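Heads up: the structure comes next, in structure tokens.
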Amino acid sequence: RRILDRRSVMPADDPDAVITLSAPHYYELISNEMVNIPIDVACLVKLRSTLVRSGLVKSSGLFDSGYKNKVAIHAHQVAGRLDLQKGIRFAQISFIDAESAGLYEGIYNVVEDPHNTEVVKNNAEIRV
């Protein structure tokens, strides 16, 4: 697994934490919520437009049927700096019909949710 720039790590125990993303660095944004994508469904994740207008761009692929974990995207702050508060809505997720050849069985799935986090359903916003 490739390690990304983690200089601005969100403190887990501070609900008021703020991190600063600065250009020209890459970051990994991970949702608080879990997804559990059923067969014949896939999902796409888009950044909220406010963040895009603030210089943040993202890359992520399609989340396949059978994926069960938090949503993670790689984001690149291309200009200036951006402050993100813990719990901010940073993306929207859309579930789409998709023919599945099988369920995702990759290394990013989790067997259990040790943190008892909320499962995302339907089209929803996800928070960092």
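The values are calculated or read from the model by the stated rules, or taken from the named source; none is laboratory data. In this text the structure is predicted, and so the values were computed from the model without any measurement. These accessible areas exclude ligands, DNA and RNA; they are computed on the full protein's heavy atoms, side chains included. Shrake-Rupley method; radii C 1.70, N 1.55, O 1.52, S 1.80 Å.
Observations
- Counting only protein chain heavy atoms and rolling a 1.4 Å probe, the accessible areas of E33, E105 rank, largest first, as E105, E33.
- Two-decimal Rg to Rh for segment 16-62 - Kirkwood Rh, Cα set: 1.02
- Quarter of Cα convex hull surface for segment 25-99, i.e. mean projection, nm²: 4.9
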